[in-house]
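Structure in structure tokens, see below.
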Amino acid sequence: RQVMEAGETKRLEEHVVHEDGNTAWLSTLKVPFRDESGKVVGLITHNRDITDHKRLEDEIAESQRRLSDALTYMADGLVMFDRNQRLVFCNRQYRAMFPKTSDLRVPGARFRDIVRASVENGEEALPEGRSREAWINETAESLKRPGDRLIRLTDGTWLHSKVRPIADGASLSVISDVTKQKKSEAKLFELNRRLETLAHTDGLTGLVNRRGFDEMIAREF
């Protein structure tokens with residue numbers, strides 16, 4: 001009735017049940033039929049079975065849902081930048097790792113702008129002796145080649161970024177929180193340093209012992 005009254009072609013999808021009980025999806029095209037004067041006097045209907053197409057759509061939607069769940073609940077942060085270093089997508093964990101700039105880490109944002117804001121906001125620590133712009137340029141260049149990079153935040157958090165270039169000049173990065181590992185390494189380093197001191201120092205006098213003397217004289221000779 002809508003097609004007859006409006007005189008406009010209409011396409012719709014219909015879920016039907018056949019006489020044998022089987023169900024199917026049909027794509028129905030309804031076209032108004034006009035007489036010589038242009039008056040709508042009838043209706044032309046064409047049905048096409050799109051059951052397989054609908055089933056494929058459902059399978060794709062389910063796959064996308066599972067992928068979305070995997071990205072959402074994975075422990076690591078995941079981010080993709082295109083060939084122009086603009087953010088394409090990222091998961092929730094990635095944004096949570098950078099709380100001071102999470103609002104900037106959205107599709108379309110430029111990588112350089114994100115890093116610059118992170119430094120200016122006091123989120124990411126700038127390496128000693130490095131100028132800000134030079135360091136930002138170096139960091140941006142790192143997206144163009146495979147490699148690993150440590151990110152030190154001012155709150156003491158250490159992040160490990162694994163960058164892998166992909167098709168069309170884009171890059172995919174996986175960000176992991178390695179703070180516990182870095183703290184363990186620091187403790188181990190301090191323990192080794194103390195053991196080294198104990199091994200070369202006399203406990204009573206605090207002077208270098210015979211082991212330390214032998215190593216020193218060997219180096220001197």
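For the range 122-139, which residues satisfy the criterion of being farther than 16 Å from L159 by Cβ and more than 23 Å from the chain's Cα centre (by Cα)?
E128, G129, R130, S131, R132, E133, A134
Further, regarding this structure: Taking the range 180-221 as the search range and keeping residues that are under 30 Å from L159 (Cβ atoms) and open to solvent by less than 80 Å² (accessible area, probe 1.4 Å), which one is farthest from the chain's Cα centre (by Cα)?
E190
Being modelled with pLDDT of 90 or more and not in a strand (DSSP E or B) narrows it down to one of D52, D58, D69, so name that one.
Criteria check complete, one pass: D52.
Determine whether the range 150-157 contains at least one residue that is in contact with a His (Cβ under 7 Å, 6 or more places away or on another chain) and closer than 21 Å to Q85 by Cα. First the steps, then the outcome.
Just the residues of the range 150-157 that are in contact with a His (Cβ under 7 Å, 6 or more places away or on another chain), to begin with: 150.
Those left that are additionally closer than 21 Å to Q85 by Cα: 150.
Yes; the residues of the range 150-157 include at least one that is in contact with a His (Cβ under 7 Å, 6 or more places away or on another chain) and closer than 21 Å to Q85 by Cα.
Within the range 158-175, which residues are within 15 Å of D76 (Cα to Cα) and open to solvent by less than 30 Å² (accessible area, probe 1.4 Å)?
Answer for the range 158-175, where residues must be within 15 Å of D76 (Cα to Cα) and open to solvent by less than 30 Å² (accessible area, probe 1.4 Å): L159, S161, V163, S173, I175.
Sticking with this one: Restricting the first residue to the range 58-80 and requiring it to be within 10 Å of N91 (Cα to Cα), which pairs with a second residue that is part of a helix (DSSP H, G or I) and not polar (S, T, N, Q) meet a Cβ separation below 7 Å and a spacing of at least six or different chains?
These pairs meet every condition: T72/R92; G77/Y94; L78/L71; L78/Y94; V79/Y94.
Which ranges mark the helices (runs of 4 or more DSSP H) fully within the range 79-154 that have 2 or more residues being open to solvent by less than 20 Å² (accessible area, probe 1.4 Å)?
Passing ranges, in order: 111-120, 132-141.
Within the range 29-61, can you find the residues that are hydroxyl-bearing (S, T, Y) and surrounded by 13 or more Cβ atoms within 10 Å (Cβ to Cβ)? Outline the logic, then answer.
At the first step, the residues of the range 29-61 found to be hydroxyl-bearing (S, T, Y) are 37, 45, 51.
Listed by number, the list holds a single entry, T51.
Of everything in the range 36-88, what is touching a Phe, Trp or Tyr at 6+ places or on another chain (Cβ under 8 Å) and of a type in the set (S, T, N, Q)? Give them in sequence order.
Listed by number, the residues that qualify are T51, Q85.
Does the range 134-153 contain any residue that is farther than 18 Å from P165 by Cβ and acidic (D, E)?
Looking through the range 134-153, none of the residues is farther than 18 Å from P165 by Cβ and acidic (D, E).
The values are calculated or read from the model by the stated rules, or taken from the named source; none is laboratory data. Given the structure is predicted, the values throughout are model-derived calculations rather than measurements. Cβ sites come from the backbone with ideal geometry, for glycine too, and all protein chains shown count toward neighbours. These accessible areas exclude ligands, DNA and RNA; they are computed on the full protein's heavy atoms, side chains included. Shrake-Rupley method; radii C 1.70, N 1.55, O 1.52, S 1.80 Å.
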